[in-house]
Amino acid sequence: MSYIDIQNINFAYHPKRPILQNLSLSIDKGQWIAILGHNGSGKSTLAKAIIGLLEPDFGTIDIDGMTLSPTTVYEIRKKIGIVFQNPDNQFVGVTVRDDIAFGMENLGVPQAEMLEKIDFYAEKVGMKAFLDKEPAELSGGQKQRVAIAGILAMQMDAIIFDEATSMLDPTARRELMDYIRELHNEGLTIIMITHDIEEALWAQRLVIIKDGTVFRQGTREELLKEPVTFIEAGLELPVGLQISNALKQMNALSLELEEHLWESSLKK
């Protein structure tokens, strides 16, 4: 049984403009999956639906054997957390220490245990020296790490990263991707929402969303064999893939020309 099982969900902010359309998807526990799509494809709406921030118009979402509903949403949110695109939208505490503590306070974690976990997970994400700092004193990448520490402190099974690197500089982006890989290696289920193909290729499995439904899915090796799939989904190929695609096209034209010349020579 899949850890997350999504069956035929539909969602629309306006009846004439559906965002998700009969979307079905299964995610195994411990898997690192990238949900890839152009802006407006529905991928971030899907992320919000998985953690119960949006309720599908119809269809079902099951997480760890529980069907997501108004009565189960808070229990499910103990299992899966989300790191948003804008780091400033994640901070709810006055300091780093307060922010990491926030989720545990809501769960009723005893104070002594909470203090131990704050120190442990702050150190784990490299933010222990910043525990008494205010959000304004942190970089975007540091704020993302604080958000991750808060999720880890609640000992969740899965983390959704919703375009979490898009506002980071290249160095901070690379550091966050390296840390996501560490989390996956430790057994966490990783769901990465992105429009960036290079970023998506870090994942074990790619799911391409187009027009609110699953357009194509497979391993990175499978999808890289058909780069036109990304183009058809409205995604911009990385420079390396563009060059590779162009070389393949040139090779195909060269073979076609060679065959034509060979046939012409036989007719003479």
*Which one of the conditions (1) assigned to a helix (DSSP H, G or I); (2) crowded, with 17+ Cβ neighbours inside 10 Å does Val109 fail to meet, given that it meets all the rest?*
(1)
*Restricting to the stretch 1-44, what's the tally of residues that are of a type in the set (S, T, N, Q) and either within 21 Å of Met156 (Cα to Cα) or out of contact with any strand residue (DSSP E or B) (no Cβ under 6 Å at 6 or more places or on another chain) (or both)?*
5
*asked:* Of the residues Glu134, Glu163, only one is out of contact with any Cys (no Cβ under 9 Å at 6 or more places or on another chain), surrounded by 16 or more Cβ atoms within 10 Å (Cβ to Cβ) and in contact (Cβ under 8 Å) with a residue 40 or more places away in the chain; which?
replied: Glu163
*Among Ile76, Ile82, which is in contact (Cβ under 8 Å) with a residue 12 or more places away in the chain and open to solvent by less than 20 Å² (accessible area, probe 1.4 Å)?*
Ile76
*Give the residues of the stretch 177-209 that are of a type in the set (Lys, Arg) and either within 10 Å of the chain's Cα centre (by Cα) or open to solvent by 60 Å² or more (accessible area, probe 1.4 Å) (or both), sorted by residue number.*
Arg181
*asked:* Quick check on my filter: what residues within the stretch 85-98 are open to solvent by 40 Å² or more (accessible area, probe 1.4 Å), within 23 Å of Lys117 (Cα to Cα) and in a loop (DSSP other than H, G, I, E, B)?
replied: Val92, Val94
*When you look at Met104, is it touching a helix residue (DSSP H, G or I) at 6+ places or on another chain (Cβ under 9 Å), over 26 Å from Ser44 (Cβ atoms), in contact (Cβ under 8 Å) with a residue 24 or more places away in the chain and not hydroxyl-bearing (Ser, Thr, Tyr), yes or no?*
yes
*Could you tell me which residue of the stretch 22-44 is least open to solvent (accessible area, probe 1.4 Å), considering only residues that are touching a Phe, Trp or Tyr at 6+ places or on another chain (Cβ under 9 Å) and more than 20 Å from Phe230 (Cα to Cα)?*
Ile27
*Failed criterion for Ser26 (all others in (1) in a strand (DSSP E or B); (2) of a type in the set (Gly, Ala, Ser); (3) modelled with pLDDT under 95 hold)*: (3)
_Residue list for the stretch 145-161, restricted to those being closer than 16 Å to Asp178 by Cα, under 14 Å from the mean Cα position of the chain (by Cα) and not aromatic (Phe, Trp, Tyr)_ = Ile148, Ile159, Ile160
*Return the total of residues in the stretch 5-46 being hydrophobic (A, V, I, L, M, F, W, C) and farther than 15 Å from Ile209 by Cβ.*
2
*Please name all residue pairs, on different chains or six or more residues apart, with Cβ atoms under 6 Å, provided the first residue is in the stretch 167-193 and is closer than 19 Å to Gly81 by Cα and the second residue is of a type outside the set (Gly, Ala, Ser) and open to solvent by 90 Å² or more (accessible area, probe 1.4 Å).*
Thr189/Lys29
*Is there a residue being in a helix (DSSP H, G or I), at pLDDT below 90, open to solvent by 90 Å² or more (accessible area, probe 1.4 Å) and over 21 Å from Lys79 (Cα atoms) anywhere in the stretch 115-128?*
no
*Looking at Gly52, Gly59, which is the one that is open to solvent by 20 Å² or more (accessible area, probe 1.4 Å) and in contact with a helix residue (DSSP H, G or I) (Cβ under 7 Å, 6 or more places away or on another chain)?*
Gly52
*How many of the residues in the stretch 62-73 are on the phi > 0 side of the Ramachandran plot and surrounded by 15 or more Cβ atoms within 10 Å (Cβ to Cβ)?*
1
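The values are calculated or read from the model by the stated rules, or taken from the named source; none is laboratory data. As the structure is a prediction and not an experimental result, all values here were calculated from the model. We place every Cβ from the backbone using ideal geometry, glycine too, and count neighbours over all the protein chains shown. Please note that ligands, DNA and RNA were not included when accessible areas were found on the heavy atoms of the full protein model with its side chains. Shrake-Rupley method; radii C 1.70, N 1.55, O 1.52, S 1.80 Å.
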